[in-house]
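The values are calculated or read from the model by the stated rules, or taken from the named source; none is laboratory data. Quick caveat, the model's predicted, so the values are computed rather than measured. Here Cβ is always computed from backbone atoms with ideal geometry, including for glycine, and neighbour counts include all displayed protein chains.
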Amino acid sequence: MKKAMFKKIILSAVIFSFVCVTTYAQEERDLNKEVEVKTTYQPKINKSKRIGELPTLVDTAKFTPSFNYFIQTKPLSVGFSPALIPAARIVGEPLKSVNSHALTLAGGNYATLFGDYRYNNQRSKTSDLGVHIRHYSTNGKVELANGDEVKPDWTEQLAEVYGKIYLDDSQLSGRVYYGHKGYNYYGETMGFNMNLFNYDSQKQDRFGLNADFKTTFKDQERLNFGIGLEYEHFVDDIITSENDLLIKAEAKIKRGEGLWSLTSEFDYFATDGLYKSSLDLLEERKTMVWNLNPQYSLQTGGLNLSLGVNAVIAMGDDSETKVYPDISIDFEAVDEILSIFAGLDGGLEMNRYNDIADENPFVYSGLHVDPTNTKYRLFGGIKGSLSSNSSFKLSAEYSEVENQYFFIRYSDLLQFSTGTEALVSNKFGIEHDDISLLRLGAEVTVGWTDKLQLNSSVWYNSYSMDILEDAWHKPEFEMNVNASYLFSDKLSFQAGVSVLGERTVSHFEYSSGIGGVSARRVTENLDAVYDLSIGANYRLNEHFTAFGKVNNLFADKYYQWDGYPSQRLNFLLGIKVVF
């Protein structure tokens, strides 16, 4: 069976091979045949396809889309409900107890004693009440230029009661005080033995009171007004006394963007025992002065503008009528950083004896000083902030002043039956002159840290005189620098420097000869003053603080007034108690 099958396969393979060979031979014969075609050959090149410009379609039909839709609201049901939180309560810090009493006691060289007591009532929404008592005295010897040692015997006392009552929309305040000052005329007498004034010490007493009432409406479109009364009686130990009564009123109201205000003052003073010279006795000086100052103020954006006038009418022994401009402008050039300010004003100073004796205590009793008229004062400058706790101010002033007074050691030539004699003194009189004054100033406050603070001011003064050779006792340069440093919660330090430039002073020198007594004017320069002071405070606890201060650390012998030297190095040590 298997052999038959094998034979069939062999036979089929032979037949298939034969057929393939026969077919290949036939194809060989056909491919070798030659065919000849006769015709004319004409080649053709197809035309290239050109890309033409796209056609432009201009559609004149306009179609404005219109939408019409609406939102159908449907509340969404939320199953969450927040838990109730109890309201927060702000609990303030408990008020600390207020100490009503403060007592300071101190002493130092030059037989210096100091005491100060203050009382203030506890916290109150309706009233404030205070009592103040102060004493200061120093009596150590100082050396004059001729080598003599003298005692100033300087003493000051003050006692005052003050208070304030708060009403619904107003407040009432008042003060009653008594002040005493005593001292020696310890300055040099310029060589002659005859003293023009036969007293060597002085005592001055002041008694006064004042009362003020004013409304405190927060709404500026309501009329706020106030009225006040001041009275002071002054008397010295020699010959002079003075009474001064001042009544003042003010009102202000806002209309639109502007604030309108009006201030009026009536000042009446009477002085007994005044000398215009060593021979003429002016029995009394009685003068009433009325000041009227209407003003309009506007604050808008970075601009503050104030427009007003100050009218002054003086009647009595000093008869004057003056009208001065009262204009100021402040423009904030850079927001909260830099401002430019300028202004124009003037004023009339009556120069009461009380004020003159307070400025220079070594004037002779009863010195009469004519009123000083500042015709105008033009000022301007820039001010700004160096940082959040530092600021500066640069300013310039120019003023024209009539009848400005300058202190000069007073003397006189008197004609007696025996001849002419010179009478000299160590007390001050005055000389008048019309002046022009230029002042340039810079003020800087710097807080480097919360613990270190610095305040400083510098002024340059230039006087142009009409008659006098110079501005007696007036410095060209002034500077004050004060610094404080909080070393810890208990310990702090202070330091200060005061500089007063050279000052020109004048007096007369006399000489005797065959023809009598002759006089010549002498001008001198007082040396510049450099006064360095340091101090420290140490708080022992909330009730006790110890302190110390040293003045004139360089121990310079400088003169505040011609012929009157100041104390050299002096210190004060003390303690302050609050309870």
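Taking Glu359 as the residue in question, decide whether it is out of contact with any strand residue (DSSP E or B) (no Cβ under 6 Å at 6 or more places or on another chain) and modelled with pLDDT of 95 or more. Criteria met by Glu359.
When Asp562, Asp527 are checked against the criterion of being under 24 Å from Ile408 (Cβ atoms), crowded, with 17+ Cβ neighbours inside 10 Å and charged (D, E, K, R), a single residue qualifies: Asp562.
From the list Ser306, Ser297, Ser328, Ser339, the one residue that fits, being over 27 Å from Leu437 (Cα atoms) and either buried (at least 16 other Cβ atoms within 10 Å of the Cβ) or in contact with a helix residue (DSSP H, G or I) (Cβ under 8 Å, 6 or more places away or on another chain) (or both), is Ser297.
Scanning the range 466-475 turns up one or more residues that are touching a residue at least 24 places away in the same chain (Cβ under 8 Å), among the basic types (Lys, Arg), out of contact with any Gly (no Cβ under 8 Å at 6 or more places or on another chain) and within 21 Å of Ala396 (Cα to Cα). Residues in the range 482-524 that are among the charged types (D, E, K, R), over 30 Å from Ile408 (Cβ atoms) and either in contact with a strand residue (DSSP E or B) (Cβ under 7 Å, 6 or more places away or on another chain) or surrounded by 15 or more Cβ atoms within 10 Å (Cβ to Cβ) (or both): Lys490 alone.
A single member of Gly163, Gly179, Gly174 is surrounded by 17 or more Cβ atoms within 10 Å (Cβ to Cβ) and not charged (D, E, K, R), and it is Gly179. Consider Asn389 carefully, then state whether it is at positive phi and out of contact with any Phe, Trp or Tyr (no Cβ under 6 Å at 6 or more places or on another chain). Here the answer is no, as Asn389 does not meet what is asked.
Among the residues of the range 522-568, those that are assigned to a strand (DSSP E or B), among the aromatic types (Phe, Trp, Tyr) and free of Cβ contacts under 8 Å to residues at least 40 places away in the same chain comprise Tyr530, Phe544, Tyr559. When the range 384-412 is limited to residues that are modelled with pLDDT of 95 or more and of a type in the set (D, E, K, R), the one that is nearest to the chain's Cα centre (by Cα) turns out to be Lys393. Residues in the range 92-124 that are of a type outside the set (S, T, N, Q), touching a residue at least 40 places away in the same chain (Cβ under 8 Å) and in a loop (DSSP other than H, G, I, E, B): Tyr110 alone.
Filter the range 145-191 down to residues that are assigned to a strand (DSSP E or B) and of a type in the set (Phe, Trp, Tyr) and give me whichever is farthest from the chain's Cα centre (by Cα). Outline the logic, then answer.
Pass one, the range 145-191, residues assigned to a strand (DSSP E or B): 149-150, 154-166, 170-184.
With the extra rule that they be of a type in the set (Phe, Trp, Tyr), the set shrinks to 154, 162, 166, 177-178, 183.
Numbers: Trp154: 32, Tyr162: 27, Tyr166: 29, Tyr177: 29, Tyr178: 31, Tyr183: 34 Å.
Checking each candidate, the answer is Tyr183.
Being aliphatic (A, V, I, L, M), without any contact (Cβ under 8 Å) to a residue 24 or more places away in the chain, loosely packed, with under 15 Cβ neighbours inside 10 Å and out of contact with any helix residue (DSSP H, G or I) (no Cβ under 8 Å at 6 or more places or on another chain) is a property that holds for Val323.
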